[in-house]
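S.K.: Got a structure here, written out as structure tokens. Questions coming.
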Amino acid sequence: QVQLVESGGGLVQPGGSLRLSCAASGSIFSINTMGWYRQAPGKQRDLVATITSGRSTHYADSVKGRFTISRDNVKNTVYLQMNSLKPEDTAVYYCNYVSRFQTTYWGQGTQVTVSS
């Protein structure tokens with residue numbers, strides 16, 4: 001089992017920044033992919049960004065150039081630096097962990113609201 005604990009969400013004005021963190025604990029394999037997804041009200045959960053244990057990254061087109069995903073493999077923590085936030089970035093952000101055996105875990109979600 002893997003437990004994921006997210007933090008860092010909140011209310012921010014358009015153009016502002018937030019940094020999300022997700023700490024993983026439990027049966028962590030050294031080879032894995034961690035990432036962030038988001039779900040706005042009435043919409044499906046969509047990929048935001050992923051990062052492998054080798055630090056290869058992938059971003060949704062909508063966040064490229066504004067968001068940066070990174071990780072600390074010693075702390076088993078993944079971060080999402082979000083800059084130039086827009087109202088359409090408002091959503092619940094979920095941390096995701098996929099093991100080398102394709103077992104998937106989700107965090108409980110953290111709310112990000114971009115509004116003036």
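The values are calculated or read from the model by the stated rules, or taken from the named source; none is laboratory data. Bear in mind that the values here come from a model prediction, so they are computed numbers and not experimental data. Cβ coordinates were reconstructed from backbone atoms using ideal geometry, including for glycine residues, and neighbour counts include every protein chain displayed. The protein model used for the area step is the full one, side chains on, heavy atoms only, and it has no ligands, DNA or RNA in it. Shrake-Rupley method; radii C 1.70, N 1.55, O 1.52, S 1.80 Å.
S.K.: For the chain, with only Lys/Arg (+1) and Asp/Glu (-1) charged at the beta-carbon, what is the dipole magnitude about the Cα centre, in debye rounded to 20?
M.R.: So the dipole magnitude of the chain works out to roughly 160 debye.
S.K.: Let me know the whole percent of all Cα-Cα pairs from the stretch 47-88 that are separated by more than 13 Å.
M.R.: 53
S.K.: Work out, step by step, the length gained on full extension between Lys75 and Ser7: first 0.36 nm times the residue separation, then minus their alpha carbon distance; give nm to one decimal.
M.R.: Answer, rounded to one decimal: 23.0 nm.
S.K.: If you count, for each residue, the other Cβ atoms within 10 Å and average over each peptide, how do 105-111, 39-45 line up from highest to lowest?
M.R.: Highest mean packing first, the order is 105-111, 39-45.
S.K.: Assuming R0 = 22 Å, what is the FRET efficiency of Arg19 and Gln111, from their Cβ-Cβ distance, to the nearest 0.05?
M.R.: Plugging the Cβ-Cβ distance into 1/(1 + (r/R0)^6) gives 0.90.
S.K.: Using packing as a proxy for protection, rank 29-38, 81-90 so that the peptide with the highest average count of other Cβ atoms within 10 Å comes first.
M.R.: Descending mean neighbour count gives 29-38, 81-90.
S.K.: Accessible area per residue, 1.4 Å probe, Å², for the chain: what's the number?
M.R.: About 53 Å² of surface per residue is accessible.
S.K.: Using bins 5 angstrom wide from zero, how does P(r) for the chain break down, in % of all Cα pairs?
M.R.: For the chain, the binned pair fractions read 2, 13, 25, 25, 19, 10, 5, 1, 0 percent.
S.K.: Put +1 on the Cβ of each Lys and Arg and -1 on the Cβ of each Asp and Glu in the stretch 35-116; which of Gly42, Gly109, Ile69 then has its Cα farthest toward the positive end of the dipole?
M.R.: Positive-most Cα among the choices belongs to Ile69.
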